[in-house]
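Structure first, then comments.
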Amino acid sequence: MLRRVLKMTLLFGVIIFIPLFIYLNVTGTTIFQSPTTWEEYESPEEAGWDEEKLQEARAYYNSLNSTAGMVIYKGKVLFQWGDTAGTTNAHSIRKSILSGMYGEYVENGTVDLDETLADLGIIDFPPLTSSEGQAQIRHLLTSKSGVYLRAGEESWNMRRQRPNRESHQPGTYFYYNNWDFNVLGTIYNNESGSDLFEDFNTKLAEPLEMEDFSLAHTEYKEEPSRSVHPSYLFKLSARDMARIGQLYLQKGEWNGEQIISSDWIERSTSVQAPVPGNSIYDYGYMWWVAVEEPWKSLGLYSAVGRYGQSIDIVPEKDLVFVHRVNSNRLTFRFLPRGVTQSQRLHLLELILEAKKD
């Protein structure tokens, strides 16, 4: 009898918990939120923002599959929605992070952007052709290598749209290519004599006083049936991503220390490659750079990841917007999968409209 009662109690708990869990994930309501070291405004009104209009933006956010949203305005938290402390898959945000880490080694001469894959001894299976071997590091940074081999962490669209081998010469054609990005991880480790995760921890996470990051949240994902070059994966929280955005907004300076050179930030967030089929963005060195109004005039550039991850930096408004969709959560497989670029940017537009003149 007791066993039956316990089973019924457990079943009742599951029945109650699952809808609640789904609701909280859908609405972006925070279940638990640990304290933060970010400075926060007492109210949006204090910072010159219209609270009612921000609530309209929040209602739109709640209609999406978003799980966290955060705005840093003039260096302080304007608002936090959802679970901004949860560490979840950053997806392609990892590429913009690696871009920043390259800056030091490019500027001190350890890495030469003109070096070719052949110079660096980069291999894969099947082997690179002589033409593919002429791709330079700068071509990989701009996703124009002309090397069209299988790669880890490729989406179905990447596989479907991959050009035929040697259909484009290195440096001549943009194709968003995980092979390029993963090989940049290999090159970074080989040329620096260090480890990109260790470097991220000591050169970015620690100086920026990240609150939720640990090396346990990183992984080299090996997929040898696709490529010898692993993907380098990060789990990050929204509020730690915001620190990366704020670092870039401050042109690489943090608490009086130059973490990333301002010249490298300027180069990497300037247009280096046109992007066919994307009316909003062209591409820098693994950063997306807005070329359509009103975003171009606002100076918008973004780190963007699958399903709606983003760090959106708006220099003309002294603002950083972080958007997350937790693809690790239990309900992800049962609910609409992500937030589109147009939805995310419309949300950002609604937020910016709340700023009082």
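The values are calculated or read from the model by the stated rules, or taken from the named source; none is laboratory data. Given the structure is predicted, the values throughout are model-derived calculations rather than measurements. All Cβ positions, glycine included, derive from the backbone under ideal geometry; neighbour counts span all protein chains shown. Note: areas computed on protein heavy atoms with side chains; ligands, DNA, RNA excluded. Shrake-Rupley method; radii C 1.70, N 1.55, O 1.52, S 1.80 Å.
If you check ASN182, ASN201, ASN189, which single one turns out to be buried (at least 19 other Cβ atoms within 10 Å of the Cβ) and either at pLDDT 95 or above or closer than 30 Å to PHE125 by Cβ (or both)?
Checking each option against the conditions leaves just ASN182.
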Counting only residues in the stretch 111-133 that are part of a helix (DSSP H, G or I) and free of Cβ contacts under 8 Å to residues at least 60 places away in the same chain, the one farthest from SER225 (Cα to Cα) is identified as ASP119
Select from the stretch 97-120 the residues that are farther than 13 Å from ARG138 by Cα and of a type in the set (Gly, Ala, Ser) and write down the one among them that is surrounded by the fewest Cβ atoms within 10 Å (Cβ to Cβ). GLY109
Within the stretch 241-299, residues being among the aromatic types (Phe, Trp, Tyr), assigned to a loop (DSSP other than H, G, I, E, B) and closer than 15 Å to VAL314 by Cβ number 2
Counting only residues that are open to solvent by less than 40 Å² (accessible area, probe 1.4 Å) and over 18 Å from the mean Cα position of the chain (by Cα), how many does the stretch 279-298 have? 2
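Here are GLU153, GLU206: which of them is surrounded by fewer than 22 Cβ atoms within 10 Å (Cβ to Cβ) and on the phi > 0 side of the Ramachandran plot?
GLU153
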Only one of these conditions is not met by GLU353: (1) open to solvent by 70 Å² or more (accessible area, probe 1.4 Å); (2) closer than 22 Å to GLY86 by Cβ; (3) modelled with pLDDT of 95 or more. Which number is it? (2)
Here are some residues: SER167, SER231, SER227, SER143. Which one is more than 17 Å from the chain's Cα centre (by Cα), modelled with pLDDT of 95 or more and surrounded by 15 or more Cβ atoms within 10 Å (Cβ to Cβ)? SER227
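Please tell me if ASP312 is surrounded by fewer than 17 Cβ atoms within 10 Å (Cβ to Cβ), within 23 Å of ARG239 (Cβ to Cβ) and in contact with a helix residue (DSSP H, G or I) (Cβ under 9 Å, 6 or more places away or on another chain).
no
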Give the number of residues within the stretch 52-102 that are in contact with an Asp or Glu (Cβ under 6 Å, 6 or more places away or on another chain) and without any contact (Cβ under 8 Å) to a residue 40 or more places away in the chain. 1
